[in-house]
Amino acid sequence: MKLVHAYIQPHKLSDVALALHGLCGMTVIDAQGRGRGKEQAERSDRIERVSDFEPHTRIEVCCADAATDEIIEAIRQAAHTGLRGDGLIFTTGVEEAVRIGTGERGDHAC
């Protein structure tokens, strides 16, 4: 199993949710952060403030290994604007998943 973490622009959430509808469930978290930015070299000489962070939306999806590529591509296409700062997608391995209500384990729990 994999856990897909996607950081997207907040205004693209409805597009991504629609693209994932029927493929998987998801968790949505409001986040703040900062990417590399085009002024990376200039930033190294000054102290950053908390106000320099931009709003982002973090989406988490737990899925079977076989569905990972399809889910990543659905997120990538739906979140794409063609502008700098569209976001990032990360995947990590999930050792075990257990559905609390039914006790289902593994891929069936996701």
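Any read-out appearing in this document is the output of simple, stated calculations on the displayed coordinates, not a laboratory observation. Since this is a predicted model, take the numbers as computed values, not measurements. Backbone-built Cβ (ideal geometry, glycine too); neighbour counts: all protein chains shown.
Structure values in brief
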quantity: Calculated FRET efficiency for the pair Cys24/Asp86, C-beta based, R₀ 22 Å, to 0.05; calculated: 0.60
quantity: Packing-based order for 72-79, 10-17, 94-101, using average beta carbon neighbours within 10 Å, highest first; calculated: 72-79, 10-17, 94-101
quantity: Max mean-square fluctuation residue, GNM over the chain, Cα-Cα springs under 10 Å, options Ala19, Ala66, Ala31; calculated: Ala66
quantity: Proportion of all alpha-carbon pairs of the chain beyond 24 Å (%); calculated: 35
quantity: Residues His11 and Arg36, FRET efficiency given R0 of 22 Å [Cβ-Cβ distance, rounded to 0.05]; calculated: 0.55
quantity: Ranked list, fewest to most other Cβ atoms within 10 Å of each Cβ, for His108, His56, His80; calculated: His108, His80, His56
quantity: Linear extension gain, Ala66 paired with Arg105, 0.36 nm per residue minus alpha-carbon span; calculated: 12.4 nm
